[in-house]
Amino acid sequence: DIYSSLKDEKGVWQKPEMLGFCRPSSHNGCVALSADGSVLYVYNNDDGNWNLFKSKYADDKWLEPEPLGPAINTKLNETSLTISTDGKHLYFISDRKGGIGGKDIYHCVLDKDGEWEKPENMGIPINSQYDEDAVYIHPQGKILFFSSNSNKSMGGYDIFYSTLKDDGNTKSHELINNKEREV
C-alpha cells in the first residue's frame, strides 16, 4: 500500500496515512511523482498483470488512479516509469513481446492531443538480453539511470546510466566503485 506523511511546522513527520484509493487486499506500488507534485504514478495488479496508472492530486487528496492507456499498458507487465520534468517524455519498463531481453526500457512522447504515442524500445546499448528495471530520468533530461542484471553487471542488479549526446544518440556507462567505465 502507499502511505503519505506530512511534516508539521516544527519539521516533525506526522503519522503516515494510507492513500484513499489503496485497497489493502491488493498490491499498490508508487513508482514516480511528477515534477510539480500533482501526479502520482503507480502500478497495480490489473486482471493478473501489472499495469501503470496515474492519480491526480485535487481537493487535498489523491484521486482514484486511471490507467495510462493501451499505448503503455499491455496484457504483460509494466512496473516502473519515470517522466521528464516537462511531462512530455515517458520512460517505462515492460516485458512485452518484441523486446530485446526479459524486461526492457521503452520511451514514448506525449502528442499534441495529450495522448502517449506508440512506445519505442530504447534498444542496445541501453537494453540487454537480460532485465532492465527501476528507470529514472534526471531533471535536466540528459541522463537516464536504470538497473540491469546484464552480463556487464557485477552480479545481480547494478546501476547504469546512459547519457544523451548532442547528436541525439546515447552512450551507455556503468557505475563501478564510483569509477566510470564505458560499456
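The values are calculated or read from the model by the stated rules, or taken from the named source; none is laboratory data. Please read these numbers as outputs of a predicted model, since none were measured by experiment. For neighbour counting, all protein chains shown are included, and Cβ atoms are generated from backbone atoms with ideal geometry for every residue, glycine included. Side chains included, ligands, DNA and RNA excluded: accessible areas come from the protein's heavy atoms. Shrake-Rupley method; radii C 1.70, N 1.55, O 1.52, S 1.80 Å.
Taking (1) touching a strand residue (DSSP E or B) at 6+ places or on another chain (Cβ under 8 Å); (2) loosely packed, with under 15 Cβ neighbours inside 10 Å; (3) at pLDDT below 90 in turn, Gly48 satisfies each apart from (1).
When residues in the stretch 1-45 are screened for being open to solvent by less than 70 Å² (accessible area, probe 1.4 Å), hydroxyl-bearing (Ser, Thr, Tyr) and not in a loop (DSSP other than H, G, I, E, B), 3 of them pass.
When the residues of the stretch 75-123 are filtered to those that are in contact with a Phe, Trp or Tyr (Cβ under 7 Å, 6 or more places away or on another chain) and without any contact (Cβ under 8 Å) to a residue 24 or more places away in the chain, which remaining residue is surrounded by the most Cβ atoms within 10 Å (Cβ to Cβ)? Looking at the filtered set, the residue picked out is Tyr106.
Contact annotation: residue pairs with Cβ atoms under 7 Å, 6 or more positions apart or on different chains, pairing a residue in the stretch 53-73 that is surrounded by 12 or more Cβ atoms within 10 Å (Cβ to Cβ) with a partner that is part of a loop (DSSP other than H, G, I, E, B) and of a type in the set (A, V, I, L, M, F, W, C), are Phe53/Leu68; Lys54/Leu68; Ser55/Phe21; Ser55/Leu63; Lys56/Leu63; Trp62/Leu19; Trp62/Phe21; Pro65/Phe21.
Comparison of Tyr3, Tyr43 shows that the only residue that is over 20 Å from Ser94 (Cα atoms), out of contact with any helix residue (DSSP H, G or I) (no Cβ under 6 Å at 6 or more places or on another chain) and of a type outside the set (A, V, I, L, M) is Tyr3.
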